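Notes follow once the structure below has been shown.
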Amino acid sequence: MRITEILESAKIIPVLEVAKVADAAPLAEALAAGGLHVVELTLRSRCALDAISVMQKAVPGLIVGMGTIRNVDDVKQSVDAGAAFLVSPGASASLLEAFMDVGAPVLPGIATASEAMSTFEAGFRAMKFFPAEPAGGVAYLKFLAGPFPDIVFCPTGGINADRAIDYLALPNVDCVGGSWVATEKMVSRGEWVAIESNARRAVDLIRKHACAH
């Protein structure tokens, strides 16, 4: 499955931080019950790699990617752990080279036009725009659409449910990532009902977007 296919099928990807492996299964079940089938774990905790297989076993068919990929070791460890796709906050030359050699779909992170050009020259046509809101948000992406009509973005960073629909309305945005669906605090407190509710709201936003187009 190509990264563009993953983004187009998901539209909204919850960005997750799991501090305890015990939280991985109920989190996956809550998100799936709410209608979401693609998630991005972040490589910010010691158990993140272990959580991939736990979530996949809890919800067969759930597409679990790994984010916060920063170096070659992160790439290898995440792929070995079973990550379905990889996401990075930025795109150094060595990381882009590692991404080109890996078999999994990847979403390199960019924040400027120059970074978008360098990443495009390396062969990538889909990119994470991060941190979306601080880096210029919807207005910035509108300007990027002119010179880069052949690049699609997944903005992430500082986006809430209300802003997500504004991003999805852009022609160069295939998907939006956000932690609002299941924040670190909600996960650590085991607020599975609230997380399922947020997932359902995300699905409603996706439907509204589909109806508008």
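Points to keep in mind about this one:
- Note on region 7-85: enclosed strands (runs of 3 or more DSSP E) holding 3 or more residues that are under 17 Å from the mean Cα position of the chain (by Cα) and under 18 Å from THR183 (Cβ atoms) are 12-16, 38-42.
- Flag if GLY90 is surrounded by fewer than 17 Cβ atoms within 10 Å (Cβ to Cβ) and under 17 Å from the mean Cα position of the chain (by Cα): yes
- Tally, over region 125-177, of residues that are small (Gly, Ala, Ser), surrounded by 22 or more Cβ atoms within 10 Å (Cβ to Cβ) and either assigned to a loop (DSSP other than H, G, I, E, B) or at pLDDT below 95 (or both): 1
- Cross-chain or 6+ apart pairs with Cβ under 6 Å, region 72-84 first and modelled with pLDDT of 95 or more, then assigned to a helix (DSSP H, G or I) and surrounded by fewer than 17 Cβ atoms within 10 Å (Cβ to Cβ): GLY82/SER53
- For region 114-124, the count of residues that are touching a Leu at 6+ places or on another chain (Cβ under 8 Å), buried (at least 17 other Cβ atoms within 10 Å of the Cβ) and assigned to a strand (DSSP E or B) is zero.
- Those residues of region 187-202 which are part of a helix (DSSP H, G or I) and either surrounded by fewer than 17 Cβ atoms within 10 Å (Cβ to Cβ) or not hydrophobic (A, V, I, L, M, F, W, C) (or both), in sequence order: SER188, VAL193, ALA194, GLU196, SER197, ASN198, ARG200, ARG201
- Selection count, region 86-108, where residues are over 20 Å from ARG44 (Cα atoms), part of a loop (DSSP other than H, G, I, E, B) and not aliphatic (A, V, I, L, M): 2
- Contact annotation: residue pairs with Cβ atoms under 6 Å, 6 or more positions apart or on different chains, pairing a residue in region 1-19 that is within 17 Å of GLY67 (Cβ to Cβ) with a partner that is assigned to a strand (DSSP E or B) and among the charged types (D, E, K, R), are ILE13/GLU40; VAL15/GLU40.
The values are calculated or read from the model by the stated rules, or taken from the named source; none is laboratory data. Worth saying up front: this structure is predicted, and the values here are computed from it rather than measured. Here Cβ is always computed from backbone atoms with ideal geometry, including for glycine, and neighbour counts include all displayed protein chains.
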